[in-house]
Amino acid sequence: QLPSELRWAAESLSRIYPGVRLPIAPHDFNYVFISVSLSRRTSYEKFVLKWCRRIWQRYDGNLEAIASASPLELREVGSSYQIAQLKDMASALLSIPSRLKELSPDLNIPPLTSHLDLLKLKPEEARLVLLRACRYLGPKATDSLILSCFKAPHFIPCDAHLKTLAARLGLTDPSTKMPEKSLCSRYVCREGLIVGVKVCPRVNDCLRSKLMKLGGLGGWFQTLCYIHGSSICKTLAPRCDLCSLRRDCPLSSSNG
């Protein structure tokens with residue numbers, strides 16, 4: 001049962017966008033890793049889908065082939081920095097089994113024979129390992145990967161749409177901080193999630209931590225916020241006149 005301050009927003013968004021569900025696809029781990037790696041700071045619909053189609057045609061989901069590809073080959077897919085960095089990200093992911101002791105001295109993780117063995121770990125453990133192993137992989141992309149491939153519906157990929165909408169609806173303070181890799185790779189959001197790993201010092205001022213009250217609906221709620229934020233409640237030019245939440249929204253009320 002959701003707290004009342006969150007329940008009304010979740011129920012309202014679910015009425016606007018009925019039928020939204022979260023697909024869980026552990027067998028597509030490589031494909032999801034590629035897509036979330038490419039989706040950093042760019043439009044998924046405009047660019048990422050196009051890049052993914054080209055990568056599927058050339059490499060399918062073969063991370064080894066991507067890791068060994070030349071920069072010239074990858075430039076044929078696209079010239080963005082996301083594509084240029086994909087080679088290093090694939091290499092880093094594949095190296096996790098051989099680097100596990102270095103990456104997880106504070107975690108009680110058994111040896112891994114493949115990067116796909118990450119799926120056998122607790123989601124919180126896999127999150128720490130991925131953030132530590134992959135230089136360019138941040139909290140949002142990591143949480144998206146785990147939300148899509150693990151049984152972890154409580155994982156919340158925090159993006160600009162979620163931050164903006166949560167603040168405008170009065171669910172969080174506008175000054176609430178986004179998750180930071182330097183902290184997310186060292187700490188957890190709640191006491192007792194992983195034995196021996198301390199709670200983040202920014203636990204009371206972080207968007208992800210504050211919205212963990214959503215529990216198993218966290219990832220679903222973020223998806224609703226992404227849909228609404230990208231189409232109606234835009235960061236720079238919110239379309240309040242078209243918004244079904246305008247009667248309850250403080251921003252819409254202040255705009256008349």
Discussion item. Exactly one of these conditions fails for ARG75: (1) exposed (fewer than 14 other Cβ atoms within 10 Å of the Cβ); (2) over 27 Å from ARG53 (Cβ atoms); (3) not small (Gly, Ala, Ser). Give me its number.
Written reply: (2)
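Rundown of residues vs (1) part of a loop (DSSP other than H, G, I, E, B); (2) among the acidic types (Asp, Glu); (3) under 15 Å from SER35 (Cα atoms); (4) touching a residue at least 24 places away in the same chain (Cβ under 8 Å), yes/no style:
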{"residue": "ARG58", "(1), (2), (3), (4)": "no, no, yes, no"}
{"residue": "ALA65", "(1), (2), (3), (4)": "no, no, no, no"}
{"residue": "VAL77", "(1), (2), (3), (4)": "yes, no, yes, yes"}
{"residue": "ALA92", "(1), (2), (3), (4)": "no, no, no, yes"}
Discussion item. Please count how many residues of the stretch 94-111 are surrounded by 13 or more Cβ atoms within 10 Å (Cβ to Cβ) and without any contact (Cβ under 8 Å) to a residue 60 or more places away in the chain.
Written reply: 9
Worksheet item: Of all residues in the stretch 155-180, which are touching a residue at least 40 places away in the same chain (Cβ under 8 Å) and surrounded by fewer than 17 Cβ atoms within 10 Å (Cβ to Cβ)?
Response: ALA160, GLY170, GLU180
Item to complete: With respect to TRP8, determine if the residue is free of Cβ contacts under 8 Å to residues at least 40 places away in the same chain and either surrounded by 20 or more Cβ atoms within 10 Å (Cβ to Cβ) or within 24 Å of GLY229 (Cβ to Cβ) (or both).
Response: no
Discussion item. So in the stretch 197-244, with the set limited to residues that are in contact with a Phe, Trp or Tyr (Cβ under 8 Å, 6 or more places away or on another chain) and part of a loop (DSSP other than H, G, I, E, B), which one is surrounded by the most Cβ atoms within 10 Å (Cβ to Cβ)?
Written reply: CYS200
Discussion item. Take the conditions in contact with a helix residue (DSSP H, G or I) (Cβ under 8 Å, 6 or more places away or on another chain), among the aliphatic types (A, V, I, L, M) and either in a loop (DSSP other than H, G, I, E, B) or closer than 16 Å to ARG40 by Cα (or both) and apply them to ALA126. Does it pass?
Written reply: no
Worksheet item: Pairs under 6 Å by beta carbon, first residue in the same structural domain as LEU131 (by TED's automatic domain parsing) in the stretch 13-39, partner modelled with pLDDT under 95, six or more apart or different chains?
Response: ASN30/GLY61; TYR31/GLY61
Discussion item. Any residue at all in the stretch 101-114 that's under 17 Å from the mean Cα position of the chain (by Cα) and not acidic (Asp, Glu)?
Written reply: no
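The values are calculated or read from the model by the stated rules, or taken from the named source; none is laboratory data. These figures come from a predicted structure and were not determined experimentally. Glycine also receives a Cβ, built like all others from the backbone with ideal geometry; neighbour counts cover every protein chain displayed.
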